[in-house]
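A short worksheet on the structure shown next.
The values are calculated or read from the model by the stated rules, or taken from the named source; none is laboratory data. The structure presented is a predicted model; accordingly, all values stated were derived computationally and were not measured. Here Cβ is always computed from backbone atoms with ideal geometry, including for glycine, and neighbour counts include all displayed protein chains.
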Amino acid sequence: MLRRVRFSEGVGSSWWRALNFVWSGRGLIDPRWLSDNIVRKIGDGRSTDFWADSWLEVGPLARAFGRFYDLAVNKHISVADMFEAGWALNGNGWKWRRRLFVWEEELVAQCVGVLANFVLQGDATDRWVWNLHPLQSYSVRSAYSYLTASDGSSMEDFASFLWVKSVPLKVNIFIWRLFLNRLPTKDNLLRRGVIEVHQELCSTNCGKAEDVVHLFIQCDVYSQVWHLVLNWLGLSTALHVSLGGHAEQFAGVGGNSKTSRNLFTIIWVLFVIWKDQNDRIFQMGNDSGVTLLERIKLQTYWWLKSHYVLFVFDYPFWRLNPLFCLQAIM
Ligand SMILES: [Zn+2]
């Protein structure tokens with residue numbers, strides 16, 4: 001029951017559909033593998049969703065105890081608030097929309113049992129950890145062996161998916177948080193009581209309310225960046241024809257390598273947009289779309305340059321021929 005962002009909704013761009021395509025699990029053995037293996041390590045419990053986040057061995061409680069999640073009055077309560085209210089058998093944390101049947105009461109006892117020995121760490125904050133690695137930090141190899149152990153026949157799909165994931169760790173974490181809708185966008189901050197209703201407006205001052213779909217897709221300020229990037233890649237014509245028709249092409253049905261290149265670029269654009277949103281809030285930044293495009297060109301250049309032996313191009317060439325350069329290595 002993770003509140004995933006549905007990129008397919010309200011978005012005509014084939015880029016977004018390509019991203020959604022991967023996220024929705026096309027080609028994945030178990031589409032839940034990603035969200036299931038990013039778990040919350042609880043500190044004070046303040047920034048973890050009691051029902052939706054995976055913070056116990058049973059996975060998200062909303063799934064393990066789906067019936068109670070449906071019946072729960074407060075579906076967005078944090079682990080800390082739930083603990084304070086009391087999650088013992090007759091604790092005040094349990095508030096139901098109707099009186100429970102006897103057999104349901106017995107199930108509650110099971111759920112309470114799962115929580116029984118859980119201790120909050122008041123001096124630490126909650127954080128995401130990658131569950132598959134012994135050190136609980138991200139490891140491509142651990143993800144890869146997990147996936148390929150399940151079914152060798154789909155290795156190709158995973159390979160391309162994980163390959164795209166081979167962007168910097170901080171970008172990976174950002175992307176996971178984005179897909180789990182766990183970025184501190186204004187709507188999320190409002191829901192957690194961090195900001196007030198009148199502070200909900202988009203960080204670009206466009207005047208609309210800020211949620212993840214608005215910020216990364218619909219906002220006038222940032223949608224301009226997508227246009228500029230398409231243009232840079234020489235794909236500007238895609239904006240003038242039926243975008244939907246290009247979805248399959250961009251999603252890489254004709255070859256995984258194309259998916260890799262597109263997703264690499266998409267991920268980087270998302271990251272730069274998010275950094276810019278942060279700058280606007282904390283440093284009163286006001287960069288133009290063109291400035292952001294230049295940032296994307298420069299950051300991707302240095303990343304590729306320092307990570308791919310085959311990436312032998314100089315910066316002026318990269319700026320002029322991005323697709324050619326990407327094709328050489330992906
Ligand atoms: Zn906006």
| task | Could you list all residues from segment 57-85 that are touching a residue at least 40 places away in the same chain (Cβ under 8 Å) and surrounded by 18 or more Cβ atoms within 10 Å (Cβ to Cβ)? | result | PRO60, LEU61, ALA62, PHE65, PHE68, SER78, VAL79, ALA80
| task | Can you run down the residue pairs with Cβ atoms below 7 Å, 6 or more apart or on separate chains, where the first is in segment 190-203 and within 17 Å of PHE282 (Cα to Cα) and of a type in the set (Gly, Ala, Ser) and the partner is in a helix (DSSP H, G or I) and within 15 Å of the ligand (Cβ to nearest atom)? | result | SER203/GLN277; SER203/ARG280; SER203/ILE281
| task | Sort out which residues of segment 205-230 are near the ligand (Cβ under 7 Å from one of its atoms) and surrounded by fewer than 19 Cβ atoms within 10 Å (Cβ to Cβ), and write them in order of number. | result | CYS206, LYS208, ASP220
| remark: When restricted to GLN121, GLN136, the only residue assigned to a loop (DSSP other than H, G, I, E, B) and either modelled with pLDDT under 85 or among the hydroxyl-bearing types (Ser, Thr, Tyr) (or both) is GLN136
| If we scan segment 1-9, do we find a residue that is surrounded by fewer than 17 Cβ atoms within 10 Å (Cβ to Cβ), modelled with pLDDT under 75 and of a type in the set (A, V, I, L, M, F, W, C)? | yes
| request: Identify, from the list GLY59, GLY43, GLY93, the residue that is of a type in the set (Gly, Ala, Ser), touching a helix residue (DSSP H, G or I) at 6+ places or on another chain (Cβ under 8 Å) and at pLDDT 90 or above. | output: GLY93
| request: Within segment 287-330, work out how many residues are within 19 Å of PHE271 (Cβ to Cβ), in a loop (DSSP other than H, G, I, E, B) and among the polar types (S, T, N, Q). | output: 1
